[in-house]
Amino acid sequence: MSVRIAAALVQVMAFCALSTFANAADKAPRSGIEYASAELRAMQADDFANPGMLWVARGEKLWNAPAGRDRRSCAGCHGAAEKSLRGAATRYPQTDRASGRFLNLEGRINQCRSERQDAGVLSYESEELLALTAYVAHQSRGLPVAVVIEDSDRERLTRGREIYYRRQGQMNLACTHCHEQNAGKRLLAETISEGHGNAYPIYRLEWQTAGSLHRRLRACYFGIRAERPPFGSDDLLNLELFLADRAKGLTVETPGVRR
Amino acid sequence: MVARVQLPASCRAGEIITVRLVIQHPMETGFRYDVRGNRVEKNVISQLTCRYNEVEIFRAEMGSGIAANPFLQFHTIARQSGDLVFEWVDDRGVRGEERARLLVTEA
Amino acid sequence: MTGKHIARRSLLKWLSGLFCLSAFPLRAQPADTLSARVDELTGGQTVTTGRVVVDTPRLADNGHSVPMRLSVDSPMTAQDHVRSITLLSPRNPRALMARFYLGASAGRAEIVTRVRLNGTQTVLAIAEMSDGTFWSGTAEVEVTESACLDAG
């Protein structure tokens, strides 16, 4: 009798364990490229056909070009990016210890330009900033997203999460409604992805050019008819932090290709 | 203009090789409007040629029906080592050029 | 003026409000027609269906950039080769999309590129051979509007 109860107990425990594993597998993030068509996957995988690589190529030129008052290039301090910046992009956005400012990759590049190169700040979506950001992020391609949430970042993560789950805009939708509750389902002829930021900057067919994560987030705000936060704003940076934390388990794909 | 050319690392004489070219260019259709509501003027790469050891092997006349950042792939028969020279011009008269060296070994 | 699809798209664009960034005119009036462009190429000569294959996805991810492979069955010898391949659209604002000039030196009559398609249509490719004959192939492509308007 006790053997039968024990056996039943083991079976129940095994079922619970399997269910837990199944749930964990369900929660593992999937990159946007996994929701994309075969043509888009082929375009991203082919480094020559991938239009984003044009920006990476330009970024490499800018990396080595003299800039600012003292004509100092990025390479002048950092050397070869393949060595010095490998893995760097996986840890963004982050708080800059020296200044206390919260920076994404674009912010870090601009901080270097203004404070170390005495060169002008580059605007979001400018050819130069897109190229440099793509080039730097590309050095981490294939590496796992590894953003570190310091204690000082906890508040930002909470704010980012709050934005993600808040209903907004005329359509009164939150990010989660599409990108968690309906990921994998169709919206008109398109398949909804989980909305991760691991491939940015991307080449977006709809834009016919490369663009930043902030551009894409603002496009989503427009999609639900909400007021768009400015490029580089705290709202978008906090959301970026939450997205980076959510994307753990994915690897950097920059430059991604998306619809 | 940023442009990239892809050729095989090496090939044998007589082999049909694949040539690829991609150019960063908006191929502006002339039908888009800017945020102020003004038409953005048409500007596409209209003429493109490829010469291999001075001989034209490929020519393209393109319009707004070709996507932005034009991508082209075609073939040619490898003969002798030499330069492939791409030249193009857009509606504004801005010229671009890209060249790549093809290494051809004896058959 | 236009068909139902253009009117519906115009309505959607007006409703989107503030930003009217259109890839294509709200009232499409083709500057050139497909038949006129075909006649311009062939001089009225017969075009035979065959030998030309247009390989492109059945459903485009986005009308701004659709991958397309054009291949022509031809020995590509000095005596028998493809002179040119012309790509035409019945629905784009400009019917003539591109023309590619080859020749025997190509070895293989195959072009790969990425095109813009202004909506669902059947794309037409016409090859002019060295013997002066014309051959054609087509492909149907479904092109839909973006599910979520972007406004840049």
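Things to note:
- Filter result for C:S136 (over 28 Å from A:F222 (Cβ atoms), touching a Gly at 6+ places or on another chain (Cβ under 9 Å) and surrounded by fewer than 19 Cβ atoms within 10 Å (Cβ to Cβ)): no
- Restricting the search to strands (runs of 3 or more DSSP E) fully inside the range B:32-107 and requiring at least 2 residues that are within 11 Å of chain C (Cβ to nearest Cβ) and buried (at least 20 other Cβ atoms within 10 Å of the Cβ) gives B:45-52, B:55-62, B:71-77.
- Any chance A:E115 is under 26 Å from A:K83 (Cα atoms), modelled with pLDDT under 95 and of a type outside the set (K, R): yes
- Test: residue in the range A:37-45 that is in contact with a Leu (Cβ under 6 Å, 6 or more places away or on another chain), in a helix (DSSP H, G or I), surrounded by 13 or more Cβ atoms within 10 Å (Cβ to Cβ) and not acidic (D, E): no
- A:A210 part of a helix (DSSP H, G or I), assigned by TED's automatic domain parsing to the domain that holds A:S37 and of a type in the set (A, V, I, L, M): no
- Where a residue in the range A:212-230 is closer than 13 Å to A:H196 by Cα and its partner, wherever it lies, is at pLDDT below 95, with Cβ under 8 Å and at least six apart: A:C220/C:C148
- Selected residue [more than 8 Å from every other protein chain (Cβ to nearest Cβ), crowded, with 17+ Cβ neighbours inside 10 Å and under 30 Å from B:R32 (Cβ atoms)] from C:N92, C:N118, C:N62: C:N118
- Inside the range A:53-80, residues that are of a type in the set (D, E) and either closer than 11 Å to A:T133 by Cα or in contact with a Leu (Cβ under 7 Å, 6 or more places away or on another chain) (or both) make up a count of 1.
Here's the yes/no breakdown for (1) closer than 20 Å to A:P229 by Cα; (2) in contact (Cβ under 8 Å) with a residue 12 or more places away in the chain:
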| site | (1), (2) |
| --- | --- |
| A:E128 | no, yes |
| A:Y135 | no, yes |
| A:S140 | no, yes |
| A:R156 | yes, yes |
| A:Y165 | yes, no |
| A:Q170 | yes, yes |
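- The set of residues in the range B:77-107 that are among the acidic types (D, E), farther than 22 Å from B:R12 by Cβ and more than 15 Å from the chain's Cα centre (by Cα) contains only B:D91.
- The set of residues in the range A:175-189 being crowded, with 19+ Cβ neighbours inside 10 Å and either in contact with a strand residue (DSSP E or B) (Cβ under 7 Å, 6 or more places away or on another chain) or under 23 Å from C:V143 (Cβ atoms) (or both) consists of A:C178 alone.
- Residue count, the range B:1-31 (criterion: more than 9 Å from every other protein chain (Cβ to nearest Cβ) and in contact with a helix residue (DSSP H, G or I) (Cβ under 7 Å, 6 or more places away or on another chain)): 0
- Residues within the range A:47-72 that are assigned to a loop (DSSP other than H, G, I, E, B) and in contact (Cβ under 8 Å) with a residue 40 or more places away in the chain, tallied: 5
- Selection status of C:E142, among the acidic types (D, E) and within 10 Å of chain B (Cβ to nearest Cβ): no
- Within the range B:5-52, tally of residues that are closer than 23 Å to B:G93 by Cβ and under 18 Å from the mean Cα position of the chain (by Cα): 18
- Selected residue (criterion: farthest from A:T251 (Cα to Cα)) from residues of the range A:176-207 that are part of a strand (DSSP E or B) and either aliphatic (A, V, I, L, M) or under 17 Å from the mean Cα position of the chain (by Cα) (or both): A:L187
The values are calculated or read from the model by the stated rules, or taken from the named source; none is laboratory data. Since the model is a prediction, treat every value here as computed from it, not as a measurement. When we count neighbours, we look across all protein chains shown, and the Cβ atoms used for this are built from the backbone with ideal geometry, even at glycine.
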